[in-house]
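Undergrad: This is the structure, below, for whatever I ask next.
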Ligand SMILES: Nc1ncnc2c1ncn2[C@@H]1O[C@H](COP(=O)(O)OP(=O)(O)O)[C@@H](O)[C@H]1O
Ligand SMILES: [Mg+2]
Ligand SMILES: [Zn+2]
């Protein structure tokens, strides 16, 4: 009989790294308090040596034919774009996000919207069939081809899939699933990894796309979706500010497409709706124009999105003033404040500075630098930049305004939405037809501010 050794190891619930010794901080991903103890059984037979005989022959690259993936339309254009053009047959897709953000809602709606001839199997380890029915009623979904299964055992799930042969499977959530292959409790890192591996094999052999829901966890007692990122084909994150109705779907990994596309949704009482024209949505049509509010243009994947930035600068009662950035990088804000002080002579050292990006968007590229600068300057000098003006440009440390990518597409989007003026880097080359839109070219932040004074 094979000798069984019990080994103790410590495993990070955020990234899945394993260590021989416990420590307060994971050496791999830097998370605090995420290591937990797990015992693994090692059998001597696990060490079997491989025989060098191989019966799989390598093929020359030039003789291979490119695989054309079969894709299904998910029923949501926004979801399709993020997936890279649809749901690929046999792929394993992880949908991560905070509890309550709308993961179950999105996937149930997807089941209701896909081709009516497709059978969808929704496996829930979290909610009872009755609760799902209640949600389906609220969302107006009543399809004969959606099947609900309350099951948490991975092997039973595979058996059910093989018996029913659905076109699409949802597993909500992976944290509730356990497999007999791992000896630890459901929700632990080993269980999640092993269960996902079982479902992966099932997806590949039966050529059925499988969606896994994964809750993002703040505490380390259940493992987060991060530990699965390298196992699955596609990783999607559903994000959003609880206080706003907007939800943004991003992909962090995609074996079948780019990871730069986003999908924008809105949570309504009857479920998630798609926002096909996010630019128009993220700009408030506030009648009264106030200082500190400006409009910039971000680029998300293949689309420009106009967004509203607001800042507030006020005298600080504290010896070290506060700087806060919501939807923007804190370090970048501090850098831009320093540029304003040094290159434009606006002193902010005894002021608190708050910057907010409306609608839960985030400034993930530098093309909004000039918009941030002008927003702050407008607040300090108390001048108003009209909401018919879009501001585009990167700002360097010497206060120079640098060019940005896709300027034509950004300006065309602004023109389409009726913007009258655009502040752009002096050197950028514009070829788009922009009618009577006034183009204001600026070389540095001083020039940009002077234009509005
Ligand atoms: N009865 C309801 N009426 C309107 N909205 C609801 C209702 N019940 C739930 N919701 C919305 O759905 C959200 C929960 O979505 P859900 O798909 O269950 O999230 P997740 O699966 O990501 O935990 C809630 O945050 C809420 O906004
Ligand atoms: Mg849910
Ligand atoms: Zn870690």
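The values are calculated or read from the model by the stated rules, or taken from the named source; none is laboratory data. Remember, predicted model here, so these are calculated numbers, not experimental data. Glycine gets a Cβ as well: all are built from the backbone with ideal geometry, and neighbour counts include every protein chain shown.
This table checks each residue for (1) in contact (Cβ under 8 Å) with a residue 40 or more places away in the chain; (2) within 16 Å of ligand 1 (Cβ to nearest atom); (3) surrounded by fewer than 18 Cβ atoms within 10 Å (Cβ to Cβ); (4) assigned by TED's automatic domain parsing to the domain that holds residue 142.
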{"site": "64", "(1), (2), (3), (4)": "no, no, yes, no"}
{"site": "80", "(1), (2), (3), (4)": "no, no, no, yes"}
{"site": "84", "(1), (2), (3), (4)": "yes, no, no, yes"}
{"site": "88", "(1), (2), (3), (4)": "yes, no, no, yes"}
{"site": "91", "(1), (2), (3), (4)": "yes, no, no, yes"}
{"site": "98", "(1), (2), (3), (4)": "yes, yes, yes, yes"}
{"site": "102", "(1), (2), (3), (4)": "yes, yes, no, yes"}
{"site": "109", "(1), (2), (3), (4)": "yes, yes, no, yes"}
{"site": "114", "(1), (2), (3), (4)": "yes, no, no, yes"}
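Undergrad: For residue 371, indicate whether it is at pLDDT 95 or above, within 23 Å of residue 277 (Cα to Cα) and in a helix (DSSP H, G or I).
TA: Here the answer is yes, as residue 371 does meet what is asked.
Undergrad: A further question follows. Filter region 144-184 down to residues that are without any contact (Cβ under 8 Å) to a residue 40 or more places away in the chain, part of a loop (DSSP other than H, G, I, E, B), over 30 Å from residue 7 (Cα atoms) and in contact with a strand residue (DSSP E or B) (Cβ under 8 Å, 6 or more places away or on another chain), then give me how many there are.
TA: 2
Undergrad: Report yes if residue 404 is part of a strand (DSSP E or B), surrounded by 18 or more Cβ atoms within 10 Å (Cβ to Cβ), touching a strand residue (DSSP E or B) at 6+ places or on another chain (Cβ under 9 Å) and at pLDDT 90 or above, otherwise no.
TA: no
Undergrad: Still on this structure: Return the only residue of 224, 214 being within 16 Å of ligand 2 (Cβ to nearest atom), out of contact with any helix residue (DSSP H, G or I) (no Cβ under 8 Å at 6 or more places or on another chain) and not assigned by TED's automatic domain parsing to the domain that holds residue 9.
TA: Testing whether each residue is within 16 Å of ligand 2 (Cβ to nearest atom), out of contact with any helix residue (DSSP H, G or I) (no Cβ under 8 Å at 6 or more places or on another chain) and not assigned by TED's automatic domain parsing to the domain that holds residue 9 leaves just 224.
Undergrad: From the list 331, 403, 359, 345, which one is within 28 Å of the chain's Cα centre (by Cα) and on the phi > 0 side of the Ramachandran plot?
TA: Going through 331, 403, 359, 345 in turn, the sole match is 359.
Undergrad: What's the total number of residues in region 246-272 that are modelled with pLDDT under 85 and assigned to a loop (DSSP other than H, G, I, E, B)?
TA: 4
Undergrad: Specify which of the listed residues (90, 112, 130) is in a helix (DSSP H, G or I), more than 16 Å from ligand 3 (Cβ to nearest atom) and over 28 Å from residue 244 (Cα atoms).
TA: After ruling out the rest, the residue left standing is 130.
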